[in-house]
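So the structure is just underneath, and the comments pick up after that.
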Amino acid sequence: MRHLAIIGSGPAGYYTAEAAQKHWGDEIRVDIFDMLPVPYGLIRTGVAPDHQSIKGVSRRYEATALTENVRFVGNVAVGRDVTVPELQSLYDAVVFATGAPNDRALGIEGEALPNVFGSAAFVGWYNGHPQFAGLAPDLSGRHAVVIGMGNVALDVARILAKTEAEFAGSDIVAHALDALRAAAISTITIVGRRGPHQIMMTPKELGELMHLERASPRVAPSDLPPEADDALLEPGLRKSVAHLRSFAAIPESERADKSVEIDFDMFASPVRLLGKDRVEAIELERTRVEAGRAVGTGETYTVPADLVISCIGYRSSPIPGVPFDERAGRFANDEGRILPGLYCVGWARRGPTGTIGTNRPDGFGVVEKIAEDMDGGALGPRGKEGRAGFDRLVEERGIEVVTFRDWKKIEEAEARAAREGAPREKFVDVEAMIRARE
Ligand SMILES: Cc1cc2nc3c(=O)[nH]c(=O)nc-3n(C[C@H](O)[C@H](O)[C@H](O)COP(=O)(O)OP(=O)(O)OC[C@H]3O[C@@H](n4cnc5c(N)ncnc54)[C@H](O)[C@@H]3O)c2cc1C
């Protein structure tokens, strides 16, 4: 028997477990640890609450979780409750699938002003991540600025723009729905350093902006490159740019009955955030794109900003003693191998790029590396204790482990507490989650 510890129960963690099962069959025991009492990482706390069909992927992870040789070990933070050397002494291999939970900083003056948030915090707030449930953003101002040209920026802008009725069927948490219902936001400016041909937003998500009840998107026609140039783009990006063109073509008469505007401010680089007691405006520098890169023109201007959310990427959390690439913000690794016996996968390996599905080949890839190291003798002989040894540690330390069976009880309690038409009302603090399994 071989024993595998996977740290993190998001997509990368579960795809790795699935790959390990396929590779070793009944010869492997897998423990998937998570610091939260609930599984699935960003499927629960990142993916937008109004995109329920995407969250359905967790059913696939559940099928893996319910097999005999895979076990969920919730409410255990590696680095806090148990150390990496301790896990290494018990398991043949340890895989970090810890994601990239920290916001990349903008690195500009005024970033610490009240009502300026990174997307990890803001998205965590509306999705009920216990770490951010108490964020309490002030939504009483009229102007929101969202920085970034990827799908996370689109998620944030869309959530700010929707009416209460548009959240029917979503699992947005009650505290966020209450705050959004009372919000006064009428302009959401999405700021990006480059232009239409460089956006990272995908067509389906952009297309949703055309169908919002009270909001309409606006793109300045002058920001659009000549239409003939679109022919050179890869098909996905070409479709995204087609959406931007249709936003630019919306007649003013159609905008008249919409009370919220989502304004794309492209070729604009944040210079500093201005304000006294909280953020009031953002200073931007006009850019132009040269060889695909944004270059400042020296021309600056300010845009009102009562709320700022930067969606410019994430960094992984280093773990003491584990080699970390500070510049890239992820574990130092060669195709998932940090050192023999120590691996990483998903966002902890690649950084915050790709879709949920991108993590699947990652999981299968890292299992190949582990198998190579095992077969080559680098992981030593069989005989490690695995989960039995960990359970002894739990006894000794009085760690309150949440099992997958416990999670199913938490899940049932969340479904019972749901608003009408919603799939669940999430518990937003760890204590409440733990109590719900009793
Ligand atoms: C706002 C947002 C929206 C997104 N929307 C989509 C979408 O619509 N479609 C799509 O395809 N992709 C989407 N993605 C991308 C997708 O969520 C990621 O590709 C995927 O979640 C990455 O998986 P992961 O397992 O590497 O990390 P995560 O999903 O972040 O999982 C990491 C897990 O590790 C746990 N953990 C961290 N540190 C420790 C520790 N020390 N001890 C124990 N546990 C720990 C965390 O609690 C977490 O459960 C979105 C991402 C974001 C941020």
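Where a number appears in this text, it was derived from the coordinates with a stated rule and is not lab data. These numbers were taken from a predicted model, which means no experiment stands behind them. Every residue, glycine as well, gets a Cβ built from its backbone with ideal geometry; the counts of neighbours run over all protein chains shown.
Would you list which lysines come within 19 Å of Lys204, measuring only between C-alpha atoms, while excluding same-chain residues fewer than 8 positions from it?
Lys55, Lys162, Lys239
Tell me, what is a quarter of the convex hull surface for the C-alpha atoms of segment 107-160, in nm² with one decimal?
Mean shadow area of the hull around the Cα atoms is 4.2 nm².
Count the net charge of all other residues whose Cβ sits under 11 Å from the Cβ of Val146, scoring Lys and Arg as +1 and Asp and Glu as -1.
Numbers: positive: Arg158; negative: Asp155, Asp263, Asp265.
The answer is -2.
With +1 assigned to the C-beta of every Lys and Arg and -1 to the C-beta of every Asp and Glu, and no other charges, what is the dipole magnitude of segment 142-239 about the Cα centre in debye, to the nearest 20?
Values: 11 positive and 13 negative charges, 51 e Å.
Here the size comes out at about 240 debye.
For Glu372 and Asp429 in one chain, what is 0.36 nm times their gap in residues minus the Cα-Cα distance, to one decimal in nm?
Numbers: separation 57, 0.36 × 57 = 20.52 nm, distance 4.11 nm.
Taking Glu372 through Asp429 to full extension adds about 16.4 nm, to one decimal.
Using +1 on the beta carbon of Lys and Arg, -1 on that of Asp and Glu, and nothing else charged, what's the dipole of the chain about the Cα centre, debye to 20? Mind dumping the intermediate values first?
On the way: 52 positive and 64 negative charges, 65 e Å.
Result for the chain is approximately 320 debye, rounded to the nearest 20.
For the chain, what does -39500 (n - 2.57) per DSSP helix run (n ≥ 4), summed and divided by total residues, give at 222 nm, in deg cm²/dmol to the nearest 500? List each step's numbers first, then the result.
Details: 16 runs with 139 residues, N = 438.
Value at 222 nm, helices only: -9000 deg cm²/dmol.
Looking at segment 255-352, what % of the alpha carbon pairs are farther apart than 16 Å? Spell out each step's value before the answer.
On the way: 3345 of 4753 pairs.
Everything past 16 Å amounts to 70 percent.
For segment 273-429, calculate the relative contact order in percent as a whole number, restricting contacts to Cα pairs under 8 Å that are 6 or more residues apart.
Values: 158 pairs, mean separation 16.5, N = 157.
RCO, segment 273-429: 11 percent.
Given the Cα atoms of segment 27-90, and with Rh set as the inverse mean 1/r over their pairs in the Kirkwood sense, what is Rg to Rh to two decimals? Each step should come with its number before you reach the end.
Values: Rg = 13.9 Å, Rh = 13.3 Å.
Ratio of gyration radius to Kirkwood radius for segment 27-90: 1.04.
All other residues with a Cβ under 12 Å from the Cβ of Ile370 taken together, and with Lys, Arg as +1 and Asp, Glu as -1, what is their net charge? Please list the in-between numbers first.
Numbers: positive: Arg2, Arg337, Lys369; negative: Asp92, Glu335, Glu368, Glu372, Asp373, Asp375.
With Lys, Arg at +1 and Asp, Glu at -1, the neighbours total -3.
Under 12 Å between alpha carbons, and skipping anything fewer than 8 positions from Lys258 in its own chain: which aspartates and glutamates qualify?
By straight Cα distance, Lys258 reaches Glu213.
Could you please report the charge total around Glu68, scoring K, R as +1 and D, E as -1 over all other residues with beta-carbon less than 11 angstrom from its beta-carbon?
Value of the local net charge: +1.
Select from Arg255, Arg44, Arg193 the residue whose mean-square fluctuation is largest in a Gaussian network model of the chain (Cα-Cα springs shorter than 10 Å).
The residue with the greatest mean-square fluctuation here is Arg255.
Using a ≥ b ≥ c from the Cα gyration tensor of segment 98-138 (square roots of the eigenvalues), is it rounded, prolate or oblate, where a/c under 1.5 gives rounded and otherwise the larger of a/b and b/c decides, a/b for prolate? Please list the in-between numbers first.
Working: a/c = 3.10, a/b = 1.27, b/c = 2.45.
Oblate, since a/c reaches 1.5 and b/c is not below a/b.
Just to confirm the number: angle between the C-alpha axis of helix 359-375 and the first principal axis of the chain, 0 to 90 degrees, nearest 10?
Once rounded, the angle reads 30 degrees.
Specify the residue with the greatest mean-square fluctuation among Arg392, Arg29, Arg181, computed from a Gaussian network of the chain linking alpha-carbon atoms under 10 Å apart.
Result for the chain, Cα springs under 10 Å: Arg392 fluctuates most.
When a/c reaches 1.5 or more, the comparison of a/b and b/c decides; with that in mind, is segment 204-255 rounded, prolate or oblate per its Cα gyration tensor?
Values: a/c = 3.40, a/b = 1.51, b/c = 2.25.
The shape class here is oblate.
For segment 61-114, give the magnitude of the charge dipole about the Cα centre (Cβ charges: +1 Lys/Arg, -1 Asp/Glu; no others), in debye to the nearest 20.
Numbers: 3 positive and 8 negative charges, 13 e Å.
Roughly 60 debye, rounded to the nearest 20.
Three principal axis extents, largest first, for the C-alpha atoms of segment 135-273, in Å?
Between the extreme Cα coordinates on each principal axis of segment 135-273 lie 46, 33, 29 Å.
What value in Å³ per residue do you get for the convex hull of the alpha-carbon atoms in the chain?
Details: hull volume 66.5 nm³, N = 438.
Once divided by residue count, the hull of the chain is 152 Å³.
Please determine, in degrees from 0 to 90 and to the nearest 10, the orientation of helix 151-161 with respect to the longest principal axis defined by the Cα atoms of the chain, where the helix direction is its Cα long axis.
The angle comes out near 60 degrees.
Toward the positive end of the charge dipole of the chain, about the Cα centre and with charges on Cβ (Lys, Arg +1; Asp, Glu -1), which of Val82, Ile43, Val70 goes farthest?
Of Val82, Ile43, Val70, it is Val70.
Working only with C-alpha atoms, what are the Rg and Dmax values of segment 385-438, expressed in angstrom?
In order Rg, Dmax, the Cα atoms of segment 385-438 give 14.5, 47 Å.
State the volume of the convex hull built on the alpha-carbon positions of segment 71-226, expressed per residue in Å³ and rounded to an integer.
Values: hull volume 29.4 nm³, N = 156.
It is 189 Å³ per residue.
If contacts are Cα pairs under 8 angstrom and at least 6 residues apart, what is the relative contact order of the chain in percent?
Values: 899 pairs, mean separation 102.8, N = 438.
Reported as a whole number, the value is 23 percent.
In the chain, if the dipole is taken from +1 on Lys/Arg beta carbons and -1 on Asp/Glu beta carbons about the Cα centre, which of Gly296, Pro423, Ser269 is farthest to the positive end?
Comparing the listed Cα positions along the dipole, Pro423 ranks first.
Under a straight-distance cross-link criterion of Cα-Cα below 15 Å, which aspartates and glutamates are reachable from Lys384, leaving out those fewer than 8 residues away in the same chain?
Output for Lys384: Glu27, Asp31, Glu86, Asp92.
Which percent, to the nearest 5, of DSSP beta bridges fully inside the chain are antiparallel?
On the way: 24 of 66 bridges.
The antiparallel proportion sits near 35 percent.
Please give me, ordered by residue number, the GluC sites (Glu not before Pro) of segment 51-138 that lie in loop per DSSP and have at most 10 other Cβ atoms within 10 Å. The partial results should precede the final answer.
Numbers: sites: Glu62, Glu68, Glu86, Glu109, Glu111; in loops: Glu68, Glu111.
Of the GluC sites (Glu not before Pro), the ones in loops of segment 51-138 whose Cβ has at most 10 other Cβ atoms within 10 Å are Glu68.
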